Amino acid sequence: MVTGAQPDVLVASNRGPVTYAPDEHGTLVPKRGGGGLVSGLSAIGPSGRGHALWVCAALGDGDRAAARAHGARLDPADTGGQAVRMLGIPPDTFASAYHGVANSVLWFVHHLLYQTPLEPAFDAGFTHDWAAFEAYNAAFADALAEEAAPGATVLVQDYHLVLVPGLLRARRPDLRIGHFSHTPWAPPDYYRLLPDAVAEAVLRGVLGADRAAFLTGRWAEAFTDCCARLLGARVEHDPLRVTYEGRTTAIGVHALGADADFLRERAHRPDVAERMAQLREQIGGPERKTIVRVDRTELSKNIVRGLHAYRRLLEDGPEWRERVVHLAFAYPSRQDLAVYRDYTSEVARVAREINDTFGVPGWTPVLLHVEDDFARSLAAYRLADVALVNPIRDGMNLVAKEIPVVSDEGCALVLSREAGAYEELGDDALTVNPYDVRATADALRTALTMAHGPRAERTKRLAAAATALPPARWFLAQLDALRS
Ligand code: G6P
């Protein structure tokens, strides 16, 4: 038990607001992250909603060393003043849970990513990883049960922690427990490719919550369909809720929006201006149009098909050669797993191929950067004539919401109908079936030729829709709904 007031609002997520890595002298240096949860949780204090604690996992050796050094709570100076407890889960257990189950299996199921006849393989390796996943979820449930004030509210995040609501309820029935899914949810026919016991454990785990929430109505319904079909649970509509084994779980939808104030301020700092100048030079001429995409290097983002669509645009429309540049920026993600590494290599290979086929001195058709550089991404956002967001499936996709907010001149959005953001942005975007390369190439062409006036008008409407529920309000709305 820690000293000080016991928290009455707890957030649990795999990735916390800070990670640690040693510098050249071996000193642990914190790196703070951003995102909806960070802004959301920092709204708690000022809103008078209570006393917050964030429980997260140590992701690597640096984090584990920090967790050991700081004991139950990290130094608030490293975390932006937030109270954070980082769990030093044993490395093998963490690797099996995070890589083996969360990012190889649950991520793949929710994003409909299995493609080869040999996948998935639910063999002995998976049985071992699943046991680790249970232990990792139990470690979170133990920590939350230990920390939470009587009757506290606990907001459990994402697919990594799907078992936590059920485990926590067994330990602390006095708590109000919510679960939020940041990914899509798979429809029952796809979801049931999981071993029955695993599928049931996940659904029961989430149903341990008083309220389970999603980014869109579509993902919420997929979840309730799975509960009905796989568990035989009773699903009621208006309001949407699931009753199973005598308990009812309310189902909510909160469409996380972009943080306009933060983005506009950040996008006008000198480091972004510097990157804009560099990019302009690489693009090579003010008359050249830009197609921008920014993703994690991750299969659901569909970067390779996006490159194929761009290639088709250049193939079918020679007039576009030397008149357009594709800025494809990707943050390295989950590179400990071969399947993500291979995908990253494939992205680089296809980009190179396009440059080798079409490039001429003074014009590089694709500028691919695989690097974590937020300032450069914002620079690209500001410069974009066209934004390409074509995921196979995506819980929301905040890039689609961020670009219209910071775009300098207005930007046409080519958007996959399978992104959660489609529900709010579909009317003013050029929407595509993400598997259809030809249609994506056509949409890119239409986007590139859109006149300035309509493009600016659409961008304004996109920005308004994108910022309807900024992170702090998104978070507080969940908290209030759970407590009411
Ligand atoms: C998605 C997930 C998040 C996750 C993020 C980055 O957005 O919903 O829970 O944190 O990807 O992935 P990573 O594996 O690097 O945490």
For LYS301, counting only lysines whose alpha-carbon sits under 24 Å away and dropping same-chain residues fewer than eight positions off, the answer is LYS289, LYS401
Tell me, what ³J(HN,Hα) does each residue in segment 270-287 have, in order and in whole Hz, if you take phi through Karplus 6.51 cos²θ - 1.76 cosθ + 1.60 with θ = phi - 60° and put x for Gly and Pro? x, 5, 6, 4, 4, 5, 5, 5, 4, 5, 4, 5, 5, 5, x, x, x, 7
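Rounded, prolate or oblate, given the Cα gyration tensor of segment 46-134, with a/c below 1.5 counting as rounded? Intermediate values should be presented prior to the final figure.
On the way: a/c = 3.32, a/b = 1.95, b/c = 1.70.
Cα axes put segment 46-134 in the prolate bin.
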Per residue of segment 118-130, what does 6.51 cos²θ - 1.76 cosθ + 1.60 with θ = phi - 60° give for ³J(HN,Hα)? Whole Hz please, x for Gly and Pro, Karplus curve as stated. 8, 10, x, 10, 8, 9, 4, x, 5, 4, 5, 5, 5
Residues with amide H under 5 Å from that of ALA12, placed H, sequence gap 5 or more: VAL55, LEU155, VAL156, GLN157
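Which net charge results for the neighbourhood of GLU245, defined as the other residues with beta-carbon distances under 11 angstrom from its beta-carbon, given Lys and Arg at +1 and Asp and Glu at -1? The partial results should precede the final answer.
Numbers: positive: ARG204, ARG234, ARG247; negative: none.
Neighbourhood net charge equals +3.
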Please give, to one decimal in nm, the separation of the simple spin-label points placed at HIS70 and ALA197, each 7 Å out from Cα toward the Cβ. 3.7
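At 222 nm, what helix-only mean residue ellipticity would the chain give, in deg cm²/dmol to the nearest 500, using -39500 (n - 2.57) for each DSSP H run of four or more?
On the way: 20 runs with 206 residues, N = 484.
Value at 222 nm, helices only, nearest 500: -12500 deg cm²/dmol.
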Roughly what angle does helix 303-316 make with the longest principal axis of the chain, taking Cα atoms, 0 to 90 degrees, to the nearest 10? 20
Please give, to one decimal in nm, the separation of the simple spin-label points placed at ASP142 and ASP23, each 7 Å out from Cα toward the Cβ. 3.5
Once phi is turned into ³J(HN,Hα) by the Karplus curve 6.51 cos²θ - 1.76 cosθ + 1.60 with θ = phi - 60°, what whole-Hz value does each residue of segment 55-71 show in order, with x for glycine and proline? 10, 9, 9, 6, 8, x, 4, x, 5, 5, 5, 5, 4, 5, 5, 8, x
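Which length gain, in nm to one decimal place, applies between ARG417 and VAL304 when the Cα-Cα distance is subtracted from 0.36 nm times their residue separation?
On the way: separation 113, 0.36 × 113 = 40.68 nm, distance 1.74 nm.
38.9 nm is the gain from fully extending ARG417 to VAL304.
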Counting DSSP beta bridges with both partners in the chain, what percentage is antiparallel, nearest 5? 20
Can you list residues from other chains, or at least 5 along the same chain, whose modelled amide H is less than 5 Å from the amide H of VAL432? LEU415, SER416, ARG417
Going by average Cβ neighbours within 10 Å, how do the peptides 325-334, 410-419, 290-299 rank, with the highest at the top? 410-419, 290-299, 325-334
In terms of the alpha carbon gyration tensor, root eigenvalues a ≥ b ≥ c, rounded if a/c is under 1.5 and otherwise prolate when a/b exceeds b/c or oblate, segment 274-331 is oblate
Suppose every Lys and Arg Cβ carries +1 and every Asp and Glu Cβ carries -1, with no other charges. What dipole size does the chain come out with about its Cα centre, to the nearest 20 debye? 660
So how tilted is helix 471-483 from the main axis of the chain? Cα-based, degrees 0 to 90, rounded to 10. 30
Rounded, prolate or oblate (a/c below 1.5 giving rounded, otherwise prolate when a/b exceeds b/c) for segment 276-381 by Cα gyration tensor: oblate
Out of residues 5 or more away from ALA213 or on other chains, whose amide H comes under 5 Å of its own, with H placed 1.01 Å from N in the peptide plane? HIS179, PHE180, SER181, GLY252
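Every read-out reported here was derived from the displayed coordinates using simple, explicitly stated rules and does not represent laboratory data. Bear in mind the structure is a predicted one, so any value in this text is a computation, not a measurement. Neighbour counts run over all protein chains shown; Cβ positions are idealised from the backbone, glycine included.
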